[in-house]
């Protein structure tokens, strides 16, 4: 019924930090998520992009010194494609994603809380339908637990440097655009949106 | 053993982050009322948090696994025999685990952040939603519920969400996660444009 207390405490501590950061990053707000999907507010992409660049360096560094192992999910193509499209539709309709709806609930947004109830229902629906979903999940093949470096036979660092360079370029473009909009670049990320 | 180090480490991270965030705000005299942090700062810290999760918890940071667990616990309480017979829960027993505590902690953490930033609200409907679809609470809650159902179903089917695939998977350079995150956004953009633009 319960995992060991130290695992529970670890999960709790990780959650507190995660929820705190999501709220401070403004992604606990319906408007920020939906305006990202309308390509008018790039907060979500800025956060995700920076997290991926920093995290990829960190995780592959830990793997290199044998202090962590990768946890790759298998590419069951039918499940990934079908599920991801269903997820995207739900995200736009709800206006939050699983992590940010939790953060939105913490901020007191009651529509996010109702959406959480919907998510439990949806998860239960998935569990109930799990056996009959197998043809869809496995129908388009199983590519296994693959990464880009493995598939191409290249060093992961090639990819990570590429990602970091793309990130730095995007950051530079972002700052420049902000400069042109207003003389105070500090306001860039915190500008209220109509 | 590792926990002893983790708790101070994770909270240390926050302690370091707070002055950085505050410095950023005070740098601009016009920004004092804005409680938000730079998305680049938040992104960097989430990247570090993911890295620490691999190290201390030996798992990727993700939010959606917990929903199936909690659903299983609710199911066990309401219909124990039926829930126990479900194929899905024979591999993954419903129980209070790391993922469930992550959700509990994240609600608390977001509450703390909103409280310190004076952003706590008890809104039923987002302002932007009202401007487009009116102020009917029933309509918004019904749509939020349906959206939640679709999203969780899709996340379980795809094997992850915007955190599990979108951040933790893509940073591991996993092929499936990059496919998933592209599909999340393509579908999400299409529906959001339909809902708010046309």
**Asked** Does residue A:9 satisfy the criteria of being surrounded by fewer than 19 Cβ atoms within 10 Å (Cβ to Cβ), assigned to a helix (DSSP H, G or I) and either within 7 Å of chain B (Cβ to nearest Cβ) or modelled with pLDDT of 95 or more (or both)?
**Response** yes
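The rows are residues; the columns are (1) more than 16 Å from residue A:116 (Cα to Cα); (2) surrounded by 24 or more Cβ atoms within 10 Å (Cβ to Cβ); (3) at pLDDT 95 or above; (4) within 7 Å of chain A (Cβ to nearest Cβ).
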residue: B:154; (1), (2), (3), (4): no, yes, yes, yes
residue: B:159; (1), (2), (3), (4): yes, yes, no, yes
residue: B:164; (1), (2), (3), (4): yes, yes, no, no
residue: B:171; (1), (2), (3), (4): yes, yes, yes, yes
residue: B:176; (1), (2), (3), (4): yes, yes, yes, yes
residue: B:182; (1), (2), (3), (4): yes, no, yes, no
**Item:** Test: residue in region A:62-83 that is within 19 Å of residue B:193 (Cα to Cα), within 7 Å of chain B (Cβ to nearest Cβ), within 17 Å of the chain's Cα centre (by Cα) and in contact (Cβ under 8 Å) with a residue 60 or more places away in the chain
**Value:** no
**Message:** Among the residues of region A:40-54, are any at the interface with chain B (Cβ under 7 Å from one of its Cβ atoms) and farther than 29 Å from residue A:146 by Cα?
**Reply:** yes
**Asked** Just one of the numbered conditions (1) crowded, with 16+ Cβ neighbours inside 10 Å; (2) touching a helix residue (DSSP H, G or I) at 6+ places or on another chain (Cβ under 7 Å); (3) more than 20 Å from residue B:108 (Cβ to Cβ) is not true of residue A:116; which one?
**Response** (3)
**Fill in**
Over region A:23-39, the set of residues buried (at least 24 other Cβ atoms within 10 Å of the Cβ) and within 7 Å of chain B (Cβ to nearest Cβ) is A:23, A:24, A:25, A:26, A:28, A:30, A:34, A:37
**Asked** For residue A:147, are the conditions met, namely being within 26 Å of residue A:33 (Cβ to Cβ) and either buried (at least 24 other Cβ atoms within 10 Å of the Cβ) or in contact with a helix residue (DSSP H, G or I) (Cβ under 7 Å, 6 or more places away or on another chain) (or both)?
**Response** no
**Prompt:** within 26 Å of residue B:172 (Cβ to Cβ), in contact with a helix residue (DSSP H, G or I) (Cβ under 8 Å, 6 or more places away or on another chain), modelled with pLDDT under 85 and not in a helix (DSSP H, G or I) - does that describe any residue in region B:64-74?
**Reply:** yes
**Item:** Given (1) at negative phi; (2) modelled with pLDDT of 95 or more; (3) buried (at least 24 other Cβ atoms within 10 Å of the Cβ); (4) at the interface with chain B (Cβ under 7 Å from one of its Cβ atoms), index of the condition residue A:99 fails
**Value:** (2)
**Item:** Only one of B:111, B:133, B:153, B:184 that is closer than 26 Å to residue A:127 by Cβ, out of contact with any strand residue (DSSP E or B) (no Cβ under 7 Å at 6 or more places or on another chain) and without any contact (Cβ under 8 Å) to a residue 12 or more places away in the chain
**Value:** B:153
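The values are calculated or read from the model by the stated rules, or taken from the named source; none is laboratory data. It should be emphasised that the depicted structure is a prediction, and the values quoted were computed from it without experimental measurement. Here Cβ is always computed from backbone atoms with ideal geometry, including for glycine, and neighbour counts include all displayed protein chains.
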